[in-house]
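Report on the structure given below.
The values are calculated or read from the model by the stated rules, or taken from the named source; none is laboratory data. Everything numeric here is computed off the predicted structure, so don't read it as measured data. Here Cβ is always computed from backbone atoms with ideal geometry, including for glycine, and neighbour counts include all displayed protein chains. Accessible surface areas use protein heavy atoms only, side chains included; no ligands, DNA or RNA. Shrake-Rupley method; radii C 1.70, N 1.55, O 1.52, S 1.80 Å.
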Amino acid sequence: MHIYERGEHSTQSRASIEKDDCPELFEELHQSRAIPVPDIRRDARLSKIWHYYFKSRGVNAVLFVPFRHGYKVRGVVFHEW
């Protein structure tokens, strides 16, 4: 995992978002080009991970953008703010 935070690059291991915690989000990633989430606390797709992933980082909104090779999703870039 590559992390760019406040202009700094690192490859530190951090908490990840697992499919079992957010099945609706992962399904939508296969259907959409981008998924904006302007208020994470009120988004049902992310309710299970709000406390342990986003709240601890002070993140209130996120934009998920899947990247594909052919028709398969190979990864996700997300911008937190």
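At-a-glance table
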read-out	value
Residue match in the stretch 23-46 (condition: surrounded by 10 or more Cβ atoms within 10 Å (Cβ to Cβ), more than 11 Å from the chain's Cα centre (by Cα) and modelled with pLDDT under 90)	no
Yes/no for A15 being of a type in the set (G, A, S) and either open to solvent by 100 Å² or more (accessible area, probe 1.4 Å) or at pLDDT 90 or above (or both)	no
Set V59, V77, V73: member being of a type in the set (V, I, T), out of contact with any Cys (no Cβ under 9 Å at 6 or more places or on another chain), closer than 25 Å to G7 by Cα and open to solvent by less than 60 Å² (accessible area, probe 1.4 Å)	V59
